[in-house]
Amino acid sequence: MDLQLNGKTAFVSGSTAGIGFAIAKRLLEEGATVIINGRSQRGVDKAIKELKEITGRSSDVIGYPADFAKADDVNRLIAELPAIDILINNAGIFEPKPFSAIPDEDWFRLFEVNVMSGVRLSRHVLPRMLAENWGRILFISSESAVYIPTEMIHYGMTKTAQLAISRGLAQLTRGTNVTVNTIMPGPTKSRGVGDFLEQLAKGGGASTEDVEKGFFRDGRPSSLLQRFATVDEIATTVAYFASPLSSATNGAAIRADGGIVNSII
């Protein structure tokens, strides 16, 4: 399927690894020019090199470093960005921690990175999108937005906030060809998750396959997929909703959660 992304420029925050990297790769494969982002110049350069090798598109990917925990870094990034047709708000952090052990600083830190990164970038790109009557803004949230994980409530809070912001921004696009949506991945085997599973397996003397099965049996029993999604599965979903073909979908929360959320709405 041709997603009609030739000539479009996309910015993907937090895209030197994991879901963000897979999204950048998929958009490049579909013909978009892609701007990636990571915390360090070294990480950005490495990801650009890998993307060029994988896709063969040496002139269509560039990158800027910025740490979304630092407002000054974000403001500098925004000042350097060219015109953006597609914004993928993917930057995010998580940490399992008992509720009683989460200090105020951690609540604010996760909110700054997971929520304010998307707020600041969207505030920058939305006026131009509306003026030109075309654009896509996508927030990469999580099933944790509605299936709040008790092991990291502060993370779930930030994912719920993304749903509210996305829906509110969508209402500002009424009658235009700009859309704002949220993608809600379920547990996904990014590099960090894969490393975490291997550590658990080694510590418990089990295989990673057994650890994965145990996670879904005990931690996410409502999952219909009963496995971690791949980053490419999530990226393909994102690419469609970033494309002109998705024009009838606006203000939506799209689940790619493997059926964890046991609800039809």
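The values are calculated or read from the model by the stated rules, or taken from the named source; none is laboratory data. What you see is a predicted model; the values in this text were computed from it and never measured. Note that we place each Cβ from the backbone using ideal geometry, even for glycine, and neighbour counts take in every protein chain shown.
Taking first residues from the stretch 204-226 that are of a type in the set (D, E, K, R) and partners that are surrounded by 14 or more Cβ atoms within 10 Å (Cβ to Cβ) and not in a helix (DSSP H, G or I), the Cβ contacts under 7 Å between residues at least 6 apart in sequence or on separate chains come to Glu212/Arg227; Glu212/Phe228; Arg220/Pro187; Arg220/Ile260. Annotation: Pro127 fulfils all but one of (1) within 19 Å of Ala24 (Cβ to Cβ); (2) assigned to a helix (DSSP H, G or I); (3) free of Cβ contacts under 8 Å to residues at least 12 places away in the same chain; the unmet one is (1). Filtering the stretch 5-21 to residues that are within 10 Å of the chain's Cα centre (by Cα) and either at negative phi or part of a loop (DSSP other than H, G, I, E, B) (or both) leaves Val12, Ser13, Gly14, Ser15, Ile19, Gly20, Phe21. When Ala91, Ala32 are checked against the criterion of being within 17 Å of the chain's Cα centre (by Cα), surrounded by 15 or more Cβ atoms within 10 Å (Cβ to Cβ), among the small types (Gly, Ala, Ser) and in the same structural domain as Pro244 (by TED's automatic domain parsing), Ala91 stands alone in meeting it.
Given the options Val74, Val61, Val44, name the one that is surrounded by 15 or more Cβ atoms within 10 Å (Cβ to Cβ), modelled with pLDDT under 95 and touching a Ser or Thr at 6+ places or on another chain (Cβ under 8 Å). That would be Val74, the only listed residue that is surrounded by 15 or more Cβ atoms within 10 Å (Cβ to Cβ), modelled with pLDDT under 95 and touching a Ser or Thr at 6+ places or on another chain (Cβ under 8 Å). Against the condition in a loop (DSSP other than H, G, I, E, B) and either touching a Phe, Trp or Tyr at 6+ places or on another chain (Cβ under 8 Å) or under 29 Å from Asp218 (Cβ atoms) (or both), how does Phe68 come out, does it pass? It is false that Phe68 is in a loop (DSSP other than H, G, I, E, B) and either touching a Phe, Trp or Tyr at 6+ places or on another chain (Cβ under 8 Å) or under 29 Å from Asp218 (Cβ atoms) (or both). Cβ-Cβ below 9 Å, separation at least six or inter-chain, first residue in the stretch 86-113 and under 30 Å from Arg128 (Cα atoms), second of a type in the set (A, V, I, L, M) and exposed (fewer than 14 other Cβ atoms within 10 Å of the Cβ): which pairs? What qualifies is Glu112/Ala71.
A residue that is small (Gly, Ala, Ser), surrounded by 15 or more Cβ atoms within 10 Å (Cβ to Cβ) and in a helix (DSSP H, G or I) can be found somewhere in the stretch 107-119.
Screening Ile54 on (1) surrounded by fewer than 18 Cβ atoms within 10 Å (Cβ to Cβ); (2) more than 23 Å from Thr237 (Cα to Cα); (3) aliphatic (A, V, I, L, M) shows it passes everything except condition (2).
The residue that is nearest to Met157 (Cα to Cα), counting only those in the stretch 94-117 that are over 14 Å from the mean Cα position of the chain (by Cα) and of a type in the set (A, V, I, L, M), is Leu110. Looking at the stretch 82-90, is at least one residue among the small types (Gly, Ala, Ser) and within 21 Å of Arg39 (Cα to Cα)? Checked the stretch 82-90: no residue is among the small types (Gly, Ala, Ser) and within 21 Å of Arg39 (Cα to Cα). Every listed requirement among (1) in contact with a strand residue (DSSP E or B) (Cβ under 9 Å, 6 or more places away or on another chain); (2) among the charged types (D, E, K, R); (3) modelled with pLDDT under 90 is met by Lys159 save one, (3).
Which residues, counting only those in the stretch 136-177, are among the charged types (D, E, K, R), surrounded by 24 or more Cβ atoms within 10 Å (Cβ to Cβ) and in a helix (DSSP H, G or I)? Before the answer, list the steps.
We begin by selecting, within the stretch 136-177, every residue among the charged types (D, E, K, R); these are 136, 143, 151, 159, 167, 174.
So of that shortlist, the ones also surrounded by 24 or more Cβ atoms within 10 Å (Cβ to Cβ) come out as 136, 143, 159.
Residues satisfying the conditions are Glu143, Lys159.
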